[in-house]
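These notes are about the structure you will find just below.
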Amino acid sequence: MMIAAENISFNYGSGGTVFDRFSFGVARGEILAVIGPSGGGKTTLLYLLAGLRMPSHGRIRINGKPLLRPRPGNGLVLQDHGLLPWATVRDNVALGHKIRRFYGPDGRHSPVDFTCDTSLLEEKIAYWLSRLDIDDLADKYPAQLSRGQRQRTAIARTMTLDPDVLLMDEPFSALDAPTSENLQALVSSLTRESDLTTVIVTHQIPEAVRMGDHILVVRRGVNRHAHVMANPACGETFRQAPGAFNHQCERIKALLENLP
Amino acid sequence: MRPKTGISSGFAGLGMFLLLWQIGSWLVNRPILPPPLEVLPIFARLMTGPLGLHFAASAGRVLAAIALALVTAVPAGLALGQIPILNRIFTPLIAILYPIPKIVLLPVLYVLMGITDISKICLIALIIFFQIMVVVRDEALNLHPELILSVRSLGAGRRALFRYVYFPASLPAVLTALRVSIGTAVAVLFIAEQSLTTYGLGYYIVVETYQVLLYPQMYAGILGMSLLGVLLYFGVFTIEKQVNQYKHDAGKD
């Protein structure tokens, strides 16, 4: 397992327990879609995996190592507001590298084998700008972009750091349908071609069915048992295989309504 | 639309100022308001002599005060903006201290810190300090939590967050606060320099010229003080425009 959550518990100070001895895993190279109602702890789970929150009990292992702080190999893409408004697309994409250069290869903020090779960096940034199809926007500011273009910038920024884990918090939920379908397909193929392990949080059932190799269903209130479903319809859209796709959506809908 | 502030409009403003001055001088027609043509040559001559030294002393005090205020107020504002408990504790205190006219503390500072330049600089720094601390705090509070989280996820710790997020985020507001408080700072400088020093434009205007009825020379001092204020104001304004360039660029499409 690339990602393993082992008996993790988490509660907010106000007494709301979200997870109680909760366990699940994600195999290397897979996409796990996490779906659930708002207030169901989906985002909390993602922050736990990102090392931005710490479980009160149990632990999370990534690639076998316990996660104690944000990990250089983790890439995080949030719904919105993740870009520096005063920096251009190019500068935003370079931000992770600037931060790594700021600290040097200390193993905490950047990988121990990090080298600051400027020409290599330029090349890498150019590659990801064109791979995400935003190279003609490189000198624009986030306020000049559409939401979809902003998400492409955020993904490019993450990918230039060569992550092995990609964590996404409702990255496409504010987008119109064609844009979000494009980006879903893009993230699926990035996961395959860059050997990523991806966790994507969503509240939209079709998105979970299109993207997740497995689907984790969380509920409002305390989560004790992880409901992980295999998803044979992964990668398919309603247009390609309406039967299987609809069937899977219906199953998840039923599970969301009737979680014990 | 805001009127453009370029070199040409600067000259137009200067021309109108001198014209009004000349008209005022005709109307008043007393030694207390000498015409510009009498004052300007004196100003030019004195600036390369004794008045230049007074000007340098005053400019040095204001610049030192600005530097002192920046290095203390920016970290203080960031701490308040990032640590909610600190902010809750200090907000009532700041609300009380903020509107106190700091000039009244001049005698206290003289007693505590001695009759030196340090006490004058601290007094001016104190005025700028509150203005800047408050805006930095508000900018830090207003940053979107998602922005902080995503930059932290790129590996940023406290130092990198300051360098890449908090500092650039609050810089425009710091410059605005600085520009707005420069008027008050120069006014307080004028008062603080009237006594217990031998150099400074305030001293020159009040003790060396006004009290001995050298009105044209006094106006040279007043021009010096005005020049100091104008230079500081437009200096900060120019940096501000550079820093805010992205807002301008982002506005056009």
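Summary of values
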{"quantity": "Cα centroid separation - region A:184-260 against region B:142-168, whole Å", "calculated": "32"}
{"quantity": "The protein assembly as shown: equivalent-ellipsoid semi-axes (sqrt of 5 x gyration tensor eigenvalues, Cα, Å)", "calculated": "62, 25, 19"}
{"quantity": "Gaussian network model of chain B, springs between alpha carbon atoms under 10 Å - residue of B:Leu154, B:Leu175, B:Leu68 with greatest fluctuation", "calculated": "B:Leu154"}
{"quantity": "Mean Cβ count within 10 Å, highest first, over the residues of peptides B:131-139, A:131-139, B:76-84, B:25-33", "calculated": "B:131-139, B:76-84, A:131-139, B:25-33"}
{"quantity": "Charge dipole (debye, nearest 20) of region B:50-252; +1 at Cβ of Lys and Arg, -1 at Cβ of Asp and Glu", "calculated": "540"}
{"quantity": "Neighbour cut-off at most 12 other Cβ (10 Å), DSSP loop, trypsin sites (Lys or Arg not before Pro), region B:180-253", "calculated": "B:Lys252"}
{"quantity": "Cα gyration tensor of region A:35-80 - equivalent ellipsoid semi-axes, whole Å, descending", "calculated": "19, 14, 8"}
{"quantity": "Sorted largest first, extent of chain A alpha carbons per principal axis (Å)", "calculated": "54, 44, 32"}
{"quantity": "25 °C / 0.890 mPa s Stokes-Einstein diffusion coefficient of region B:50-252, Kirkwood radius on C-alpha pairs, µm²/s", "calculated": "132"}
{"quantity": "Antiparallel %, DSSP beta bridges [both residues in the protein assembly as shown], to 5", "calculated": "45"}
{"quantity": "Sequence-distant lysines (8 or more away, or on other chains) whose Cα lies within less than 17 Å of B:Lys120", "calculated": "B:Lys102"}
{"quantity": "Proportion of all alpha-carbon pairs of region A:79-176 beyond 24 Å (%)", "calculated": "20"}
{"quantity": "Share of Cα-Cα pairs in region A:54-127 lying beyond 20 Å, as whole percent", "calculated": "44"}
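Read-outs throughout are calculated quantities, based only on the coordinates presented, and are distinct from any laboratory measurement. Bear in mind the structure is a predicted one, so any value in this text is a computation, not a measurement. Glycine also receives a Cβ, built like all others from the backbone with ideal geometry; neighbour counts cover every protein chain displayed.
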